[in-house]
Amino acid sequence: MANKKIIDLSKHRNKKLFKRIFKILRIPLVILVVCCALFLSARLLGNVAMSNVTDTVREVRTLFSKGEGYPHTLDSFEFRKVTAIGNKPLTVYKDSAKVLSSSAGEIFSMKLDSADSKVISKNGRALIYSNTSNKLILQSKTEKLGEIEEANAVVAAGLAKNGYVALSYASGEYQSVLNVYNTHFEKVFQWNCAHERISDIALSKNGRNIVVTAVGAENAEIYTRIIIFNINSAEPKADLTYRGTLFLRVFFTDSNKIIAVGDNKAVVLDKNGDAVEELIYSEDSIVAVCADDAGNVLICHEEFGGSKTAVVRYAKNGRKTAQFTVDGTPDCFALSGGRIALSSGEDITVYSSIGSESKKHEAEHTVTELFWCSGTLYTVENGCIYKY
């Protein structure tokens with residue numbers, strides 16, 4: 001009987017020990033399982049497709065490491081621009097790009113080859129390229145996702161919400177070559193344009209449809225072709241020519257509308273190229289054009305000889321939701337969802353999606369850049385990033 005009690009007590013101790021070990025290892029095991037799942041998903045879907053998930057996991061550590069806070073001092077000699085990458089600020093310098101946390105701590109930093117880099121940001125990813133370089137870099141908030149190298153310097157580029165990349169460059173044989181790459185950086189589409197130069201590119205959110213603006217001249221008259229493709233065919237779904245208009249910006253919205261902005265008009269089309277709406281304004285009167293992740297577009301143009309500025313907002317469904325005028329010409333413009341922000345000197349005014357004034361801010365210094373990030377308004381003033 002004594003031996004049986006000893007065996008029972010030993011089993012009881014072993015059970016208690018096992019439970020204690022399991023409690024200790026439970027969290028590491030869960031983390032290990034999640035990491036394995038992320039690794040397998042990345043192998044199957046590609047790092048680009050999984051970047052938002054991996055970013056979320058990596059950003060957990062920023063909750064325990066606070067930055068210096070805002071205002072955040074910039075290197076004024078090296079600084080080039082700042083924008084949002086998902087819910088974080090992305091600062092671009094002469095030779096690097098840095099992602100900041102909500103407390104201005106550095107989340108990720110990456111070297112750049114070109115001093116005049118351009119940035120297209122969408123859905124937590126940023127495409128960085130230069131008109132003097134044949135390389136493009138795609139990054140997330142926490143890592144470099146990949147690089148594309150072409151034969152010649154990139155003229156225009158576009159980024160889809162799912163991570164597809166489109167770009168154009170000039171070659172000896174063609175005025176423009178258009179290439180589209182999937183999330184594995186494999187080329188899935190190519191189109192050669194013999195007579196016009198591609199000025200802008202936009203992709204639908206799933207990367208399957210492309211729209212380009214291609215500019216040419218005939219009989220001393222400028223014209224623009226707006227050409228819509230599906231990546232399954234090099235034959236255009238639609239090919240529209242606008243004579244006397246130079247289209248420089250084009251957007252493919254989340255609602256599959258196309259909004260193209262030119263030097264004397266803007267047009268809204270559906271995904272098949274059928275006209276939805278047209279906005280006419282004086283030639284060379286465009287002051288600013290910007291769009292958010294969803295494809296809501298803000299168009300600002302001069303009126304009355306520049307004494308006023310007309311501000312027009314198109315929603316992603318192609319409908320004009322706001323059209324109002326402000327005195328003079330604002331210095332900076334920003335758009336995010338239903339919020340519009342304009343700044344003149346130290347004065348910042350926020351408007352709703354229908355153009356009604358909702359808030360005013362008085363900046364510390366003259367505002368030189370303005371952008372929305374995760375519902376928060378950021379500015380660049382006197383060599384620092386401020387948060388409002």
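Things to note:
- More than 24 Å apart - percent of Cα-Cα pairs taken over the stretch 50-188: 32 percent
- Shown here: the stretch 202-280, whose C-alpha atoms stretch 38, 26, 18 Å along the first, second and third principal axes, sorted largest to smallest.
- C-alpha long axis of helix 2-45 to longest principal axis of the chain, angle in °: 10 degrees
- From most to least packed by mean Cβ count within 10 Å, the peptides 273-285, 207-219 give 207-219, 273-285.
- Proximal charge balance of ALA157 [Cβ under 12 Å; K/R count +1, D/E count -1]: +1
- Amide H contacts of LEU246 (H built 1.01 Å from N, under 5 Å, at least 5 apart or other chain): ASP263, ASN264
- In degrees, nearest ten, helix 47-58 long axis to first principal axis of the chain (Cα): 60 degrees
- Evaluating 6.51 cos²θ - 1.76 cosθ + 1.60 at θ = phi - 60° for every residue in the stretch 228-243, the Karplus couplings come out as 10, 10, 10, 5, 7, 8, 7, 7, x, 6, 8, 9, 10, 10, 10, 7 Hz, glycine and proline recorded as x.
- With Cα atoms as the point set, the chain shows a radius of gyration and Dmax of 25.3, 111 Å.
- Amide H within-cut-off set for SER199, under 5 Å, with H built and near neighbours excluded: THR213, ALA214, VAL215
- Percent accessible area from carbon and sulfur atoms, the chain, protein chains only, probe 1.4 Å: 51 percent
- Farthest positive-ward along the stretch 278-388 dipole, Cα basis, beta-carbon charges - from THR309, SER356, SER344: SER356
- Solvent-accessible surface of the stretch 221-313, averaged per residue with a 1.4 angstrom probe and all protein chains in place: 40 square angstrom.
- Using θ = phi - 60° and Karplus 6.51 cos²θ - 1.76 cosθ + 1.60, couplings along the stretch 280-291 (whole Hz; Gly, Pro as x): 9, 8, 5, 5, 6, 9, 5, 9, 7, 9, 8, 9
- Normalised per residue, the accessible area of the stretch 105-157 is 38 Å², obtained with a 1.4 Å probe and no contribution from ligands, DNA or RNA.
- Mean Cβ count within 10 Å, highest first, over the residues of peptides 130-143, 104-117: 130-143, 104-117
The values are calculated or read from the model by the stated rules, or taken from the named source; none is laboratory data. Note that the structure is predicted; figures quoted are calculated from it, not measured. Note that each Cβ is placed from the backbone with ideal geometry, even for glycine, and that neighbours are counted across all protein chains shown. Surface accessibility is based on the protein's heavy atoms, side chains included, excluding ligands, DNA and RNA. Shrake-Rupley method; radii C 1.70, N 1.55, O 1.52, S 1.80 Å.
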